[in-house]
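Each value in this text was obtained by applying a stated rule to the coordinates, not by laboratory testing. This one's a predicted model, so the numbers in the text were calculated from it and none came from an experiment. Don't worry about glycine lacking a Cβ; one is built from the backbone with ideal geometry, like all the others, and counts go over all protein chains shown.
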């Protein structure tokens, strides 16, 4: 059973849209008075439903307009190798996302960088990290949709208040 109710989901949805909401505005949006809203917010943070609050920076305006999806293949699959590889890849600042995959690709990275030369510098760092069987890069031509908001409506319908 899901431990959250519709008020919890409403708080999460409101904060996904605007993480700067004051308790007064948040409680107004979700239909609770300030104290119960604050207590729920605190519980959501303590229980790990809210991992943090951040500002979303425009990557183009700060000079990081290029997004590259990097597929990595390896013949190594033991725990020790993975721990070293994961530590090295997560330390690369260009890597925004790092996934272990099923199927033909072992790992998928989402990388942001300045330009083609910036990607080449990243690529050279990546191949020094570990012995890899293959690295394939796909450059994003256009970002059509981007969101950090989870589709909470898929799991919150019909919940009691």
query: If you line up the long axis of helix 34-46 against the longest principal axis of the chain, both from Cα atoms, how many degrees apart are they, to the nearest 10?
result: 30
- prompt: Rounded to the nearest 0.05, what FRET efficiency is calculated for residue 91 and residue 35 with R0 set to 41 Å and r the Cβ-Cβ distance?
  reply: 0.45
message: Once R0 is set to 25 Å, what does the formula 1/(1 + (r/R0)^6) return for the Cβ-Cβ distance between residue 60 and residue 130, expressed as a FRET efficiency to the nearest 0.05?
response: 0.20
Tilt relative to the chain, helix 79-90 - C-alpha long axis, 0 to 90 degrees, to 10: 80
query: How many nm is it between the label spots at residue 6 and residue 140, if each spot is 7 Å from the Cα in line with the beta carbon?
result: 3.5
statement: In degrees rounded to 10, the 0-90 angle between helix 116-129 Cα long axis and the longest Cα principal axis of the chain is 80
message: Quick check: pseudo-label points 7 Å beyond the Cα along Cα→Cβ at residue 147 and residue 102, how many nm apart are they?
response: 2.5
Computed FRET value (nearest 0.05) for residue 49 with residue 157, which takes r as the C-beta separation and R₀ as 22 Å: 0.80
query: So how far, in whole Å, is the C-alpha centre of segment 121-161 from the one of segment 62-100?
result: 11
field: Descending semi-axes in Å of the chain, equivalent ellipsoid built from Cα gyration tensor
entry: 39, 20, 14
